[in-house]
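Data first, discussion second: the structure below is written as structure tokens.
The values are calculated or read from the model by the stated rules, or taken from the named source; none is laboratory data. These numbers come from a predicted model, not from an experiment. Every residue, glycine as well, gets a Cβ built from its backbone with ideal geometry; the counts of neighbours run over all protein chains shown. These accessible areas exclude ligands, DNA and RNA; they are computed on the full protein's heavy atoms, side chains included. Shrake-Rupley method; radii C 1.70, N 1.55, O 1.52, S 1.80 Å.
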Amino acid sequence: MANNDTLLNLSEVNKQFDGLLAIADVSFHLDSGEIVSLIGPNGAGKTTILNLISGVYPPTSGEILLNGEGISGLKPYQIAKKRVARTFQSVQIFQDMTVMENVLLGLHYRLRSGFVKGMIHWPAERKEEKGAIDQAGGTLEKLGIDHLAYRKADSISLKEQRCLEIARSVVSSPCLLLLDEPAAGLNIRETEEMADIIQGLRQQGLTILLVEHDMNLVMSVAHRLIVLHHGLKIAEGSPEEIQRNPEVIKAYLGGTQSAKR
Ligand SMILES: Nc1ncnc2c1ncn2[C@@H]1O[C@H](COP(=O)(O)OP(=O)(O)OP(=O)(O)O)[C@@H](O)[C@H]1O
Ligand SMILES: [Mg+2]
């Protein structure tokens with residue numbers, strides 16, 4: 001049940017794409033400081049839920065509240081200004097830019113001078129620029145990739161690129177972070193490191209909605225899980241409850257490689 005600590009609340013949300021009801025009457029909430037994981041088979045509607053929350057498209061019906069305020073129908077930049085950040089299932093970074101420049105992009109709407117203009121400027125802009133570079137550097141350090149700050153983004157590993165995308169999302173101090181399969185393509189050791197990173201972000205005060213297929217990662221970090229199947233929420237509960245839920249085992253956990261690991 002939603003309560004005073006509720007940061008995000010979805011209520012009877014539907015999303016119709018032409019003939020397909022991709023999300024069917026889905027309701028759930030996130031309390032501040034929680035890590036909640038959204039799991040389910042391919043095509044279940046997980047990314048669609050993140051797209052609805054982040055404003056890629058509006059729900060067909062239903063309500064999405066952030067801190068009690070309706071955000072359905074707002075544009076992605078308006079939702080970003082309300083301190084909702086996200087990453088993407090396939091990493092979306094600017095390959096030709098440096099790691100530092102990519103992270104600075106995460107600050108652009110905060111800066112008055114609009115920094116990716118160049119590097120010459122009046123003192124006020126220079127001061128703002130220096131502040132931004134310090135902030136981006138601090139965020140890269142937290143993600144363990146500060147040593148790569150001046151490397152081109154296409155020259156770093158997939159794990160480092162996923163960390164970079166997270167750095168760009170969190171540099172502006174969001175309250176809610178939506179992660180879409182942050183461990184996809186990572187090996188077991190890298191996935192464990194990603195679990196530590198996610199725990200660290202939460203300890204810094206972030207509330208996290210985590211979409212992920214790697215059940216070791218999900219079960220180790222999530223406080224609660226929500227299971228989607230064909231756009232329907234089929235279960236919600238603690239990691240222990242979800243792992244022994246017969247419907248979830250039948251629809252998902254019984255049949256995935258990740259779940260067997
Ligand atoms: N923009 C769109 N237009 C039409 N159909 C879409 C659109 N986005 C998603 N869908 C459909 O909605 C359903 C849910 O897709 P979604 O990408 O949310 O699944 P998912 O749970 O993220 O799957 P995966 O684990 O493979 O990433 C799928 O049938 C998909 O084809
Ligand atoms: Mg997806």
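If you sort Asp5, Asp18, Asp146 by accessible surface, 1.4 Å probe, largest first, the order is Asp18, Asp5, Asp146. Rounded to the nearest 10 square angstrom, Met215 shows an accessible area of 10 square angstrom against a 1.4 Å probe. Of all DSSP bridge pairs formed entirely within the chain, close to 55 percent run antiparallel.
Phe17 exposes around 70 Å² of accessible area when a 1.4 Å probe is run over every protein chain in place. Between the beta carbons of Ile133 and Ser155, assuming R0 = 25 Å, the FRET efficiency works out to 0.80 to the nearest 0.05. Cross-link check: pairs Lys142/Lys233; Lys15/Lys159; Lys82/Lys250; Lys15/Lys152; Lys127/Lys152; Lys82/Lys152 evaluated at a Cα-Cα cut-off of 28 Å; pairs beyond the cut-off: Lys142/Lys233; Lys15/Lys159; Lys82/Lys250; Lys15/Lys152; Lys82/Lys152.
The length gained by stretching the chain between Phe94 and Asn216 to full extension, at 0.36 nm per residue less their Cα-Cα distance, is 40.9 nm. Here Arg151 sits with roughly 100 square angstrom of accessible surface, probe radius 1.4 Å. Only protein atoms count toward the accessible area here, which uses a 1.4 Å probe; on the chain, the carbon and sulfur part of that area reaches 51 percent. Per residue of the chain, the DSSP helices (runs of n ≥ 4 H) give a summed -39500 (n - 2.57) that works out to -10000 deg cm²/dmol at 222 nm. A simple spin-label model places the labels of Glu236 and Ser27 0.8 nm from each other, with each point 7 Å out along Cα-to-Cβ. Each of Phe88, Phe28 has its accessible area taken with a 1.4 Å probe; listed largest first, they run Phe88, Phe28. When the chain is described by a simple charge dipole with +1 on each Lys and Arg Cβ and -1 on each Asp and Glu Cβ, the residue from Cys175, Met215, Ser27 located farthest towards its positive end is Cys175.
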